[in-house]
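Engineer: Next up is a structure, given as structure tokens.
The values are calculated or read from the model by the stated rules, or taken from the named source; none is laboratory data. Owing to the predicted nature of the structure, the values given are computational and were not obtained by experimental measurement. Here the Cβ positions follow ideal geometry from the backbone for every residue, glycine too, while neighbour counts run over all protein chains shown. Surface areas here come from the heavy atoms of the whole protein model, side chains and all, with no ligands, DNA or RNA. Shrake-Rupley method; radii C 1.70, N 1.55, O 1.52, S 1.80 Å.
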Amino acid sequence: MSFAPSTAAYDRADSFGSYSAAAAPIAFERPGAGRHAATRGEVRVELELRHSGRRALTLRYETQGDASLPAVFVAGGISAHKHLSPSREFGEQGWWECQVGAGRSLDPTRYHLVSFDWIGADGSLDIAIDPTDQADAIAALLDALRIERLLAFVGYSYGAMIGLQLAARHPDRVGEVVSISGTHRAHPYAAAWRALQRRAVALGALQCDESQGLALARELAVLSYRTPEEFAERFGAAQVVDGRVRVAAEDYLDHCGNKYVARTSPTAFLRLSESIDLQQVDPAAICVPVTVVAVTEDRLIPLSESYDLIERLRGETRLRVLRSIYGHDACLKEQAQIDTILREALADCTSVAA
């Protein structure tokens with residue numbers, strides 16, 4: 001049985017600005033009634049956004065695991081969301097269930113897992129969204145959930161970038177960052193890929209078919225995530241079909257594009273894609289331990305960027321380099337390798353915390 005608690009307000013200010021937050025969980029466990037494995041809620045906040053001034057926002061979050069356990073924030077790419085894996089309460093498929101679940105590296109019987117939907121992910125915020133805004137939103141959410149300090153922040157892709165921002169802006173809120181396929185800045189080559197994707201959406205809009213433009217943008221994105229080696233293994237030669245040459249990978253790309261359009265608004269894609277390109281954080285401002293996970297075949301995050309990050313960080317650092325034909329998507333595909341890295345990183349910060 002659940003109930004909605006009375007709303008509580010929190011105010012916090014630091015050298016980076018101020019915000020206020022009011023907690024409004026959708027579901028909240030009644031003390032003594034047994035503990036759920038997962039809860040969802042909303043927090044209404046006002047944030048001073050870097051490029052757009054003060055805004056009222058709603059943060060939608062999900063937790064797994066008892067709140068008394070060490071807290072770990074988990075964040076993925078711009079297409080990821082608050083639902084990490086199936087639970088008793090929310091049985092739908094999650095975006096990272098290969099790592100989240102009983103007996104896995106991110107085990108809700110060992111950690112209090114926290115995640116949220118990126119601000120702007122619902123498409124209602126048609127403004128420039130800076131990565132610093134996401135970090136401040138996470139800090140506001142932690143206040144509302146009464147989480148003083150995270151044991152660790154585990155981030156992949158855009159989530160890794162935000163984890164670094166959180167460590168720089170709110171170092172007292174996080175014990176360690178695990179940064180997988182994401183660094184301190186947007187590489188110009190990767191930014192060029194994303195700029196072309198956004199142009200595809202714009203061209204679709206000019207033809208009164210924004211969805212088709214978004215599908216094409218997603219297909220271009222998939223090409224940047226994966227590698228030529230994987231496509232060589234999966235797809236054969238082109239064929240003539242009904243008088244037209246059709247490349248073997250087109251059906252796969254069409255599937256990816258249509259699936260993405262069904263769950264993503266063009267505005268959300270455009271604004272979050274732009275946000276990646278705004279990533280800029282000084283590694284020297286980060287003093288907490290950081291585990292950097294890089295993939296040699298990742299064309300969006302060249303290995304040289306990870307080396308540059310490691311050399312400039314001030315805290316304890318570790319670099320783990322993987323080889324994978326899945327490139328930028330290795331985090332989602334190389335389950336065993338990522339599992340080992342996460343277990344090692346979390347075990348280290350648990351021993352330090354003890």
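Engineer: Restricting attention to segment 50-85, which residues are more than 18 Å from the chain's Cα centre (by Cα) and over 20 Å from residue 175 (Cα atoms)?
Structural biologist: 50, 51, 52, 53, 54, 55, 56, 57
Engineer: Across segment 99-120, what is the number of residues that are farther than 19 Å from residue 334 by Cβ, in contact with a strand residue (DSSP E or B) (Cβ under 7 Å, 6 or more places away or on another chain) and in a loop (DSSP other than H, G, I, E, B)?
Structural biologist: Number of matching residues: 4.
Engineer: Please go through segment 57-83 and pick out each residue that is crowded, with 19+ Cβ neighbours inside 10 Å and free of Cβ contacts under 8 Å to residues at least 40 places away in the same chain.
Structural biologist: Hit for segment 57-83 is 83, nothing else.
Engineer: Still on this structure: Looking at the structure I just gave you, is residue 342 open to solvent by 20 Å² or more (accessible area, probe 1.4 Å) and within 19 Å of the chain's Cα centre (by Cα)?
Structural biologist: It is false that residue 342 is open to solvent by 20 Å² or more (accessible area, probe 1.4 Å) and within 19 Å of the chain's Cα centre (by Cα).
Engineer: Moving on. Give segment 312-339 a look and list any residue that's in contact (Cβ under 8 Å) with a residue 12 or more places away in the chain, surrounded by fewer than 16 Cβ atoms within 10 Å (Cβ to Cβ) and part of a helix (DSSP H, G or I), or say none.
Structural biologist: Passing the criteria: 312, 335, 339.
Engineer: Sticking with this structure for a sec: Testing residue 347 on (1) out of contact with any Phe, Trp or Tyr (no Cβ under 7 Å at 6 or more places or on another chain); (2) farther than 28 Å from residue 136 by Cβ; (3) open to solvent by less than 70 Å² (accessible area, probe 1.4 Å); (4) modelled with pLDDT of 95 or more, one condition comes back false. Which one is that?
Structural biologist: (4)
Engineer: Report whether or not residue 123 is touching a Ser or Thr at 6+ places or on another chain (Cβ under 7 Å), in a loop (DSSP other than H, G, I, E, B) and at positive phi.
Structural biologist: When the stated conditions are applied, residue 123 passes them.
Engineer: Given (1) open to solvent by less than 10 Å² (accessible area, probe 1.4 Å); (2) in contact (Cβ under 8 Å) with a residue 40 or more places away in the chain, where does residue 100 come up short, assuming only one miss?
Structural biologist: (2)
Engineer: May I pose another question? Here are some residues: 89, 46, 42. Which one is in a loop (DSSP other than H, G, I, E, B) and either of a type outside the set (Val, Ile, Thr) or closer than 23 Å to residue 328 by Cβ (or both)?
Structural biologist: Selected residue: 89, the only one of 89, 46, 42 that is in a loop (DSSP other than H, G, I, E, B) and either of a type outside the set (Val, Ile, Thr) or closer than 23 Å to residue 328 by Cβ (or both).
Engineer: I would also like to ask the following. Suppose we keep only residues that are in contact with a strand residue (DSSP E or B) (Cβ under 6 Å, 6 or more places away or on another chain) and outside any helix (DSSP H, G or I) within segment 126-152. Which one would you say is nearest to residue 75 (Cα to Cα)?
Structural biologist: Out of the qualifying residues, it is 152.
Engineer: Check off (1) out of contact with any Cys (no Cβ under 8 Å at 6 or more places or on another chain); (2) under 17 Å from residue 63 (Cβ atoms); (3) buried (at least 21 other Cβ atoms within 10 Å of the Cβ) for residue 131 and give me the number that stays unchecked.
Structural biologist: Checking residue 131 against (1) out of contact with any Cys (no Cβ under 8 Å at 6 or more places or on another chain); (2) under 17 Å from residue 63 (Cβ atoms); (3) buried (at least 21 other Cβ atoms within 10 Å of the Cβ), the one that fails is (2).
Engineer: Just to verify a result, which residue in segment 195-230, among those that are of a type outside the set (Asp, Glu) and farther than 24 Å from residue 158 by Cα, is modelled with the lowest pLDDT?
Structural biologist: Checking each candidate, the answer is 208.
Engineer: Looking at 94, 120, 76, which one is in contact with a Lys or Arg (Cβ under 6 Å, 6 or more places away or on another chain) and under 26 Å from residue 214 (Cβ atoms)?
Structural biologist: Checking each option against the conditions leaves just 120.
Engineer: Assuming residue 294 fulfils every condition listed in (1) open to solvent by 20 Å² or more (accessible area, probe 1.4 Å); (2) in a strand (DSSP E or B) apart from one, which condition is it?
Structural biologist: Evaluating residue 294 over (1) open to solvent by 20 Å² or more (accessible area, probe 1.4 Å); (2) in a strand (DSSP E or B) leaves (1) as the failure.
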